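As structure tokens, the structure follows; a few thoughts come after it.
Every read-out reported here was derived from the displayed coordinates using simple, explicitly stated rules and does not represent laboratory data. These numbers were taken from a predicted model, which means no experiment stands behind them. Neighbour counts are summed over all protein chains in view; Cβ atoms, including those assigned to glycine, are modelled from backbone coordinates with ideal geometry.
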Amino acid sequence: MQTRRSFLRTSLAATTAILADVSSIVAKERAAKSASDAYVDGVKFLTPEAPDYAIARQVFNAGIVTQPKIIASCISETGVQHALDRANAENWPVAVKAGGHSFEGFCLNDDGLVVSVSPMREMQLDPKTGILTAGAGCRLEEVNKFLLARGRFLPAGSCRTVGLAGLTLGGGYGMFARKWGLTCDHLRRVKMVDGSGIIRDSNEEPDLLWSARGGGNGHFGVITELTFNTRVAPAQFSSWKFRAYKLDPKRAAALLETWFDATSELPDEAFSAWIMNGSQVTVVVITIGSRDQKGLVDFRRRLARLTNKMTSGGPTSLTRALSWYYGEDAPVYFKNASAGYYKGIENIRSALPGIFEEVLTVPGLIFQINTLGGAISRDVEGAYPHRAFPYLGESQAYWESASHAAVLREAIGRMRNHIAQAGVTSHYANYPDLAFAEWPTAYYGAENYARLQQLKQRYDPGNRIHHPQSVQPPV
């Protein structure tokens, strides 16, 4: 099995260290030793000449060439405060980096200061309540290993090196969200250092928790710590993959129509994705429930009639299954973006001929639609505004050479135009695109964006912390 970002690639396994004590369970990745200056008051300032600058700057999108003046590598809340104090004193713009998976490189800036919380990777689990407290630099693979070893689980995405903080702040959907809700729905507390260097706690300021549940990141502060409710880990995981080959637009449309109809009857324990790459369509469906639930059995029967090959996996343990989807841990050349939220095929039907033409004729281009709905549609107090939509699309492109990059970026742009012309206006903040002109309402909705602007005024009125699509102070 492969993730959307490793669809054309294979993955390598990674490991993490785990420590324990009698009152809580703690996992921590200590700051690596380096030839650069040591941490002072919780922060180490790295210039481009420093031996570990390149590692600190590394992001998942290999095509991002942004070059910060200074990277403030922080190991504590105090270190973040000192970093922001220096940025304010020097009048430098600030970007915030944790996992480094921002598609458009919003976690970096040119000639400014980047606050990196990547080394802040301590985790504590209360074994009685299942409440997890995690540093903002934690990655999904380490969180999964830490929790699953103790019989707990936090529903999140699938890519191993995605940062927990960025994923959560943008919403955080994945294969288990239909059963349990988004990652941000499990968030119960955050701590943040605001643009002035003041420590904020959502236990004392509930609006901060509201904004952290899907209101995006890098807007008006640096999240340093997140606290979550976790779930009892599911006992098993099963999956199926259906492939259809040598499709033309007519067959692709028929298969997609069937997929939309069949997914409407899937149980909440199941998730599915429809993935078109060239003339091949791959449909993935997984479940953490019974393999014999009626909606799931009917789904498999209907897809089998329209596809050429079916393979299955499991039932197996969640620990083993997650490794199938972890993907690359090294930078990749790609352009991925939201292709919009849909309530059904009618929302995207008029765009399909143009989308199919691009995918069929431009190698390296992928169009994917994922199931949402289920527990995601339940009302949760937070800034994530798209709960009424049971589907989310993605446009993806992967390349090896610069010449092919230009071709693929142009194709992604044409797909974007087809989707916009179909009237699709809502997009996922964690799949940003610099070409979205109306991004504030597309990501957050007009009402929520206005509320986020008020928080920007409260926490960072001077706009010290910003990126090209960050929340702006109210005019």
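Worth pointing out:
- Straight Cα distances below 17 angstrom link K191 to the lysines K97, K456, with same-chain residues fewer than 8 positions distant left out.
- Mean residue ellipticity (222 nm) of the chain, computed from DSSP H runs ≥ 4 via -39,500 (n - 2.57), nearest 500: -8000 deg cm²/dmol
- Residues of type aspartates and glutamates that K343 reaches as a straight line, Cα spacing below 16 Å, ignoring anything fewer than 8 places off in the same chain: E257, D261, E265, E394
- Within the shell defined by Cβ-Cβ distances under 13 Å, the residues around K343 carry a net charge of +1, with Lys and Arg each +1 and Asp and Glu each -1.
- Here the chain is assigned +1 on the Cβ of each Lys and Arg and -1 on the Cβ of each Asp and Glu. Its dipole about the Cα centre then comes out at about 1580 debye.
- Charge-dipole axis of segment 106-262 as Lys and Arg at +1 and Asp and Glu at -1 on Cβ define it, positive-most pick from T183, V114, S238: S238
- Estimated from the Cβ-Cβ distance and a Förster radius of 35 angstrom, the FRET efficiency linking A446 and R305 is about 0.20.
- In segment 144-256, Cα pairs under 8 Å separated by at least six residues give a relative contact order of 28 percent.
- The Cα atoms of segment 411-475 cover 39, 21, 20 Å along the three principal axes, with the biggest extent listed first.
- Segment 245-376, dipole about Cα centre (Lys/Arg Cβ +1, Asp/Glu Cβ -1), debye to the nearest 20: 380
- Percent RCO, i.e. relative contact order, over the chain, from Cα pairs under 8 Å lying at least 6 residues apart: 17
- Low-density loop positions, trypsin sites (Lys or Arg not before Pro), segment 187-294 - DSSP coil, at most 13 other Cβ in 10 Å: K246
- Applying 1/(1 + (r/R0)^6) with r as the Cβ-Cβ distance of D261 and S290 and R0 = 25 angstrom yields a FRET efficiency of 0.70.
- For segment 82-127: relative contact order, % (alpha-carbon pairs under 8 angstrom, 6 or more apart): 36
- Coil-residue trypsin sites (Lys or Arg not before Pro) of segment 374-437, DSSP, other Cβ within 10 Å capped at 11: R378
- Range in the chain, longest, excluding exposed GluC sites (Glu not before Pro) [loop by DSSP; at most 16 other beta-carbon atoms within 10 Å]: 50-203
- For segment 365-426, size of Cβ-based charge dipole, Lys and Arg +1, Asp and Glu -1, in debye: 120
- Within segment 209-293, the chymotrypsin sites (Phe, Trp or Tyr not before Pro) that combine a DSSP coil assignment with at most 15 other C-beta atoms in a 10 angstrom radius are Y245.
- Binning the alpha carbon pair distances of segment 250-352 at 10 angstrom intervals from zero yields the distribution 11, 40, 36, 13, 0, expressed in whole percent.
- For R150 and S377, a Förster radius of 41 Å and the Cβ-Cβ distance give a FRET efficiency of 0.85, rounded to the nearest 0.05.
- Stretching S317 away from L434 to a fully extended chain increases their span by 38.2 nm, per 0.36 nm per residue minus the current alpha-carbon distance.
- Along its first, second and third principal axes, ordered by size, the chain spans 63, 50, 43 Å in Cα coordinates.
- Area projected by the alpha carbon convex hull of segment 127-201, averaged over all directions, nm²: 5.5
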